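See structure below.
The values are calculated or read from the model by the stated rules, or taken from the named source; none is laboratory data. This is a predicted model, so every value here is computed, not measured. Positions of Cβ are backbone-derived with ideal geometry, glycine not excepted, and every protein chain shown enters the neighbour counts. Accessible surface areas use protein heavy atoms only, side chains included; no ligands, DNA or RNA. Shrake-Rupley method; radii C 1.70, N 1.55, O 1.52, S 1.80 Å.
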Amino acid sequence: HNLSPPYTITMKLPTAAAVTLLALNTGIATAFSPSPPSFTAQSRSALNAVTKKDSYEITVLPGDGIGPEIMTVTQDVLSALTKRCGFELKMTEALIGGAAIDAVNDPFPEESLQQCLSGDSVLLSCIGGYKWDTNPRELRPESGLLKMRKSMGLFANLRPAKVLDQLIDASTLKREVVEGVDVMVVRELTGDVYFGSPKGIDVIDGQRVGYNNMIYSESEILRIARVAGDVASKRGGKLCSIDKANVLDVSQLWRDVVTETITKEFPDVELSHMYVDNAAMQLIRWPKQFDVMVTGNIFGDILSDEASMLVGSLGMLPSASIGESGPGVFEPCHGSAPDIAGEDKANPLALILSAAMMLKYDLDREEEADILERAVEAVLDQGLRTADIKQENDGCTLVGCIEMGKAVAAVVSTVDSAVEV
């Protein structure tokens, strides 16, 4: 469609009247503001931020709840790794979330943004808590997270869900269903209904009406399809695109662009499509059919959480959020768990594994990333468990956050890497 502002948008809402919204140079136009992405051999479609070097600048965001304690433990583990492998991580702390609201009344202040942008990578613990749940939306921790993603251009979220042999029984699903599961969910992170305009809550015919706009531009779909194709080409070569093209026009565009991009640019990748409701069912029925899944923001938000529970605990799952250039943000999938904050009960392994993803995808340190991942598995082989992954009568030893971190740091000093350099 050849549209130019102003736009008059008539929306059929569940009221007796239709709502006419006027967007003047904003609104729907903002969804199409990103310039078409250009990918070169050095671009982030190859999932590398910087070339390998001896020293890196890392911004650490401890956040809220259990965040500061798991960050301290993870930094100790990284210290053991850098000492063994002979490189340096210079870590600078910054504010985000509830901690930032309390300190400067802003969930992601400009100082934190500039600190993140100036470094090589960002390591984030977790944000949020009951304390800020009743704040105005712009003063909630989650608003800081959305602001960070948008300001840093973090359009691609990578969330692996790999079932470890040591923790199969921690899953609520049968062993034969989850054994061997290794899924990567690639979620578009800065578009869709979470960011689309117009949006709001109005009073119409005497009652409140809420509305949001589920919207994607071709260029936004193109760039996430390229990331997903690149990830799939380096894994099992299978990519399943998730949409709702049978009822949503935006999903039909999604399907068309993904098909065109993968067919043309990744001919060796086996592409399939699945409606989101069926995908939600299939993830539980037979998750081993999936290798890489790519989907939009809201569908990805839901499906990635569902996929994470195949593993048995959010406390084991890392994630990466990356853009076309500049530093990525690496964080665990779990929340801030304010109910156990400061009690040494938190599981630090997801943040440690997020640090491994940072080493691999942002810092070009694949061998060191493999050492961290193997150290985590070795500690689980020793029978150490935090409360979230401890099973009744499993013969394992219950440990706290600090002890788990010390165990991983000790193993990091000796474990071998399987990566050839």
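At a Cα cut-off below 12 Å, give the aspartates and glutamates reachable from K147, other chains included and same-chain residues fewer than 8 away excluded.
D106, E110, E138
Which of the lysines could be linked to K174 by a straight reach, that is with a Cα gap under 22 Å, when you skip same-chain ones fewer than 8 residues away?
Once the sequence-local lysines are set aside, what remains near K174 is K162, K288, K390.
Give me a comma-separated list of calculated 3J(HN,Hα) values for segment 118-124, in order, Karplus coefficients 6.51, -1.76, 1.60 applied at θ = phi - 60°, integers in Hz, x for any Gly or Pro.
Result, ordered by residue: 7, x, 8, 6, 10, 10, 10 Hz.
Got a number for carbon plus sulfur as a percent of segment 273-421's accessible area, 1.4 Å probe?
Heavy-atom surface of segment 273-421 belonging to carbon and sulfur, 1.4 Å probe: 50 percent.
Which percentage, to the nearest 5, of the DSSP beta bridges contained in the chain is antiparallel?
45
Given a 10 angstrom Cα cut-off, can you work out which residue in N347, N157, N213 is the most mobile in a GNM of the chain?
In the Gaussian network model the winner is N213.
Which lysines does K150 reach when only Cα atoms under 19 Å apart count, and residues fewer than 8 places away in its own chain are ignored?
Straight-line reach from K150, under 19 Å: K199.
Taking only DSSP H segments of four or more residues, each worth -39500 (n - 2.57), what value at 222 nm results for the chain once the sum is divided by all its residues, to the nearest 500 deg cm²/dmol?
Only helices count here, giving -11000 deg cm²/dmol.
Taking amide H positions as placed in the peptide plane 1.01 Å from N, state which residues far from D362 in sequence (5 or more) or on other chains have amide H under 5 Å from it.
Residues meeting the amide H criterion: A49.
Label points 7 Å out from Cα along the Cβ direction at D305 and T263: separation in nm?
Simple spin-label model gives 3.5 nm for this pair.
Sort W254, W132 by accessible area with a 1.4 Å probe, largest first.
In descending accessible area the options line up as W132, W254.
Measure nothing but the geometry: give the 0 to 90° angle between the long axis through the Cα atoms of 401-412 and the longest principal axis through the Cα atoms of the chain, rounded to 10°.
Taking the Cα atoms of the chain, the angle to 401-412 is about 70 degrees.
Round to the nearest 10 and give me the degree value, 0 to 90, for the angle of helix 249-265's Cα axis relative to the longest principal axis of the chain.
Between helix and principal axis, roughly 60 degrees.
Between S197 and C396, what is the label-point separation in nm under the 7 Å Cα-to-beta-carbon projection?
So the two model labels end up 4.8 nm from each other.
Rolling a 1.4 angstrom probe over the protein heavy atoms, how many square angstrom per residue are accessible across the chain?
45
If you average the alpha carbon positions of segment 59-110 and of segment 267-302, how far apart do those two centres end up, in angstrom?
33
Could I have the simple spin-label model distance between E403 and S217, label points 7 Å from Cα toward Cβ, reported in nm to one decimal?
Distance between the two pseudo-spin positions: 5.4 nm.
Local charge sum around M91 (other residues, Cβ-Cβ under 12 Å, Lys/Arg +1, Asp/Glu -1)?
Its environment carries a net charge of -4.
Relative contact order for the chain: what percent, with Cα pairs under 8 Å and sequence separation of 6 or more?
Relative contact order, the chain: 21 percent.
Arrange the peptides 266-274, 291-299, 96-104 so that the one whose residues have, on average, the most other Cβ atoms within 10 Å appears first.
The packing order, highest mean first, is 291-299, 96-104, 266-274.
Taking all protein chains in place and a 1.4 Å probe, what share, in percent, of the accessible surface of segment 93-208 do carbon and sulfur account for?
About 49 percent, which is the carbon plus sulfur part of the accessible surface.
Hey, what angle do you get for helix 67-85 against the long axis of the chain, alpha-carbon based, 0 to 90 degrees rounded to 10?
Orientation of helix 67-85: about 60 degrees from the principal axis.
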